[in-house]
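Structure first, then comments.
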Amino acid sequence: MSDPPTSPPSNPFAAVFAAMNPLFAAFGVDVWRKGVSDHIARVQAVTDEYTRVEAQGMAHARTMFEESAKLTRATVSYAAQLSIEWRKVMFEAARKSLDLVGPGAL
């Protein structure tokens, strides 16, 4: 009498892994596959959250750069206006000083 044909295992590596790791044989491929799948899902969730936080950080950095540029433009404009006003005051003071020592001053 011949032995009935056996169907091939669903995972050809299961026998190899079972021989190398008794825990693999005890729990089976499905438990390990579920564990790895769960881990990948958790890593993906962490990566997605990191991506969200990184996008917020980039948005804040862009806003900071834009505000710094506005402040720099305002500072340069203020410095130019201040320089103009100081020149006016300087020439006005020079004219008044000249009037003090002019021909009618003595």
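Rule-based calculations on the coordinates, nothing more; no lab input. None of the values given here were measured: they were computed from a predicted structure. When we count neighbours, we look across all protein chains shown, and the Cβ atoms used for this are built from the backbone with ideal geometry, even at glycine.
Points worth noting:
- Förster radius 35 Å - calculated FRET efficiency between R62 and D99, Cβ distance, rounded to 0.05: 0.05
- Net charge dipole size for the range 35-91 [Lys, Arg +1 and Asp, Glu -1 on Cβ; Debye, nearest 20]: 500 debye
- Straight-distance candidates among the lysines for linking to K96, with alpha-carbon spacing under 17 Å and chain neighbours fewer than 8 residues away dropped: K88.
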